[in-house]
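The values are calculated or read from the model by the stated rules, or taken from the named source; none is laboratory data. Since the structure is predicted, the reported quantities are computational estimates derived from the model, not experimental observations. So basically every Cβ, Gly included, is an ideal-geometry build from the backbone, and we count neighbours across all protein chains shown. Areas reflect the complete protein model, heavy atoms only, side chains present, ligands, DNA and RNA absent. Shrake-Rupley method; radii C 1.70, N 1.55, O 1.52, S 1.80 Å.
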Amino acid sequence: MEMTGSFTVDYRVEKVWSIVSDANKFAKCLPNVVSTEVNGDNFQLSFKADAKKYTSKFLGASYLSNLNIKFSAQLKEKQENKHILIQGDGSTIGLKFSLALYIDLSAQDSSTKIDWKAEIELGRMAKLFGEEVVNQAVTDVVNQTIDNLKTLLK
Amino acid sequence: MVSKVIVIGAGATGSFITHDLASRGFDVTVIEKGNIIGGTSGKFHGMLHSGARYAMNDVKAAQESIADNKVISEIAPFCIENTGGLFVALNEEDLSFQSKFEDGCKQSNIPIENLSIESALKEEPFLNNSVKAVYRVPDKVINSFRFITSLLLTAKRESAKVLLNTEVLEFIKEGNDVKGVKIKNNNTGQVSELKADLVVNASGAWASKLIDEKLGIKSIEMILSAGTMAVINRRFTKHIINRLREPSDGDIVVPFFNDSIIGTTAFIVDDPEKFDVDKEDISFLQKAGSEMLPILANYPVYRYYAGVRPLIAAGENDDSRKASRDFKIFDHSATDNVNGIISIVGGKLSTARIMAKEIGDFIGNKMGNKTESKTDKIKLYWPQVNSENIDEMAKSLSLNKDFLSEMVNESAGKTYSDMYSNAMDLLYSRGLFN
């Protein structure tokens, strides 16, 4: 699955770069993070996600109302103020997924345009929840991440 | 003419269906490929839910749980330890669920009591002493081996036949009609045929595989979800301890005899019998349990296990939060043009009686038997040995009277409750084999 998007923030590219290139700061943009472990450009996160709207299609699955998600990733392909790749693997309820998030920054006067592309391998997770539901979940995460990034820039 | 029904699977679901149908006058035979609680019913946390766990997001399940909690306590008191349960809030986030929890319990008719921190810590001194709020709920512990054995013993007294260690080799078919099963007794190797008017596939996590392999029926799309439990071999509480929040991983510690069972984490598996438990889940469970009972961090996890249950999608127009049931009846005459067989998927041990009643109603309607279920009133049979009947019991169990007397004394000396006597469970389960 591949998703792309772009948005512009009213901050200089150096400030945006200082967040997306720092695992500690980038982790703060991701929603529902319960714990973070950072070691240089490597980081491990655990999330707690409210999954009711995704798991409610299953009978008697209230025990899946909240899911713990583990994610380990590395910051790669760093080109200062221009480009970065965040690549990692995660798992929840025994299902694995992988993510490659390409971020390209371009300075526009005092603003910064952020183009992003996410390549997501969902494996059996897509079969469990259905492509449409997973698309919605990923879109939710992306939107929350962008909102958090904007908040952090402030 | 009495209708003949074969039930495949003697877990909580199949055993209660067997009892329900036999009590309505059906001629029932239950077939179990393994031993008692060899499947999912023997690999859960041991809790007879009060329903409080579901009160925040599934009121229907909560209402059914408290209803069956009361009924099962009445009809099978010998397999229950009335531990009670506590819901504990440990931080501000947990506290944010307080009003939702109280409202849900009220709506579900679950009696709860808000305890002072002081009295809660007095009752449960191993509880995290920074606990912010505590509620008492009527959770209980159930011995599933004894529960299912007593269901089967009761069904036998209602003329049902119980065939353990017996597997289905194939279904007997005439055209599109299933007419029975060919079975093999794995103890003796004997192969035989059983005819029936209806076959009920209640094999739980194995339901889809069984009818796909033997009948080519593919209409049951099930995903298998394993629930992991970690066991510390010390007991620190009288009550079951629940985290006050919506259902999630690592939210219960169940005192089961002298153990503490910490549950659960869920993960998806392909095969109900072949899967590995992630060791990280075990560490997670111990950590989550020790947030409620810090002392759990001081002892090693000495064993862990996982039970597999099926996940079934609700109907196209259903949202399971609104769907009336957590199980589904597949009538294969409607879905696959195969008559004489239905499958039951889903449900839980705590509400197995209500589920069996509804399935019994469905079968009764199908087979023209209008007898109503009375399982809420029928006391389950569990032998009681006393000085007056010890001679008779020893004879019926083919045991020396003095030996039986020693076993009864061993049981009476058990801490917490004699329901934890494995010796008596094994002894009385012999009644299923003669």
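A few comments on the model shown:
- Residue in the stretch B:273-291 that is most open to solvent (accessible area, probe 1.4 Å), counting only those that are closer than 30 Å to B:GLY204 by Cβ and more than 14 Å from chain A (Cβ to nearest Cβ): B:GLU273
- Within the set B:GLU388, B:GLU372, B:GLU358, B:GLU392, the sole residue that is within 14 Å of another protein chain (Cβ to nearest Cβ) and of a type in the set (Asp, Glu) turns out to be B:GLU358.
- Scanning the stretch B:160-216 for residues that are assigned to a loop (DSSP other than H, G, I, E, B), surrounded by fewer than 18 Cβ atoms within 10 Å (Cβ to Cβ) and touching an Asp or Glu at 6+ places or on another chain (Cβ under 7 Å) yields one hit, B:ASN186.
- Positions within the stretch B:62-98 being of a type in the set (Val, Ile, Thr) and within 20 Å of B:SER150 (Cα to Cα), in sequence order: B:VAL71, B:ILE72, B:ILE75, B:ILE80
- Residue in the stretch A:89-101 that is over 29 Å from B:THR228 (Cα atoms) and either modelled with pLDDT of 85 or more or buried (at least 20 other Cβ atoms within 10 Å of the Cβ) (or both) present: yes
- Condition check for B:ILE240: free of Cβ contacts under 8 Å to residues at least 40 places away in the same chain, of a type outside the set (Ser, Thr, Tyr), surrounded by 23 or more Cβ atoms within 10 Å (Cβ to Cβ) and more than 10 Å from chain A (Cβ to nearest Cβ): no
- Restricting the stretch B:217-234 to residues that are away from chain A (no Cβ under 13 Å) and farther than 21 Å from B:ALA313 by Cβ leaves a set whose member that is surrounded by the fewest Cβ atoms within 10 Å (Cβ to Cβ) is B:ASN233.
- Filter pass, B:ALA334 being buried (at least 20 other Cβ atoms within 10 Å of the Cβ) and under 30 Å from B:ILE211 (Cα atoms): no
- Residue in the stretch B:243-265 that is farthest from A:ALA61 (Cα to Cα), counting only those that are away from chain A (no Cβ under 13 Å) and under 18 Å from the mean Cα position of the chain (by Cα): B:PHE257
- On the stretch given as the stretch A:125-153, residues that are of a type in the set (Lys, Arg) and modelled with pLDDT under 80 total 1.
- Qualifying positions in the stretch A:120-134 - within 14 Å of chain B (Cβ to nearest Cβ) and open to solvent by 50 Å² or more (accessible area, probe 1.4 Å): A:GLY123, A:ARG124, A:LYS127, A:GLU132
- Entirely in the stretch B:225-274, the strands (runs of 3 or more DSSP E) that have 1 or more residues that are among the aromatic types (Phe, Trp, Tyr): B:252-256, B:259-269
- Of the set (1) more than 30 Å from A:ARG12 (Cα to Cα); (2) basic (Lys, Arg); (3) away from chain B (no Cβ under 14 Å), all apply to A:LYS117 but (1).
- Only residues that are more than 21 Å from A:GLU77 (Cβ to Cβ) and out of contact with any helix residue (DSSP H, G or I) (no Cβ under 7 Å at 6 or more places or on another chain) were counted across the stretch A:95-145, and they come to 20.
- Residue count for the stretch A:53-69 under the criterion of being surrounded by fewer than 17 Cβ atoms within 10 Å (Cβ to Cβ) and within 8 Å of chain B (Cβ to nearest Cβ): the result is 0.
- Evaluation of B:LEU311 against (1) more than 9 Å from chain A (Cβ to nearest Cβ); (2) in contact with a strand residue (DSSP E or B) (Cβ under 9 Å, 6 or more places away or on another chain) (one fails), failing number: (1)
- Looking across the stretch B:113-148 at every residue that is part of a loop (DSSP other than H, G, I, E, B) and among the polar types (S, T, N, Q), the one that is most open to solvent (accessible area, probe 1.4 Å) is identified as B:ASN129.
- The residues in the stretch B:352-406 that are more than 15 Å from B:THR18 (Cα to Cα) and in contact with a strand residue (DSSP E or B) (Cβ under 9 Å, 6 or more places away or on another chain) can be counted, and the count is 2.
- Scanning the stretch B:10-25 for residues that are assigned to a loop (DSSP other than H, G, I, E, B) and open to solvent by less than 10 Å² (accessible area, probe 1.4 Å) turns up just one, B:ALA10.
- Candidate set from the stretch B:343-381 (those that are closer than 19 Å to B:SER73 by Cβ and touching a Leu at 6+ places or on another chain (Cβ under 7 Å)); member that is surrounded by the fewest Cβ atoms within 10 Å (Cβ to Cβ): B:TYR381
- Among the residues of the stretch B:75-106, those that are among the charged types (D, E, K, R) and either farther than 30 Å from B:TYR428 by Cα or assigned to a helix (DSSP H, G or I) (or both) comprise B:GLU92, B:GLU93, B:ASP94, B:LYS100, B:GLU102, B:ASP103, B:LYS106.
- Count of the stretch B:324-353 residues, restricted to those that are among the aliphatic types (A, V, I, L, M), under 21 Å from the mean Cα position of the chain (by Cα) and at pLDDT below 95, is 5.
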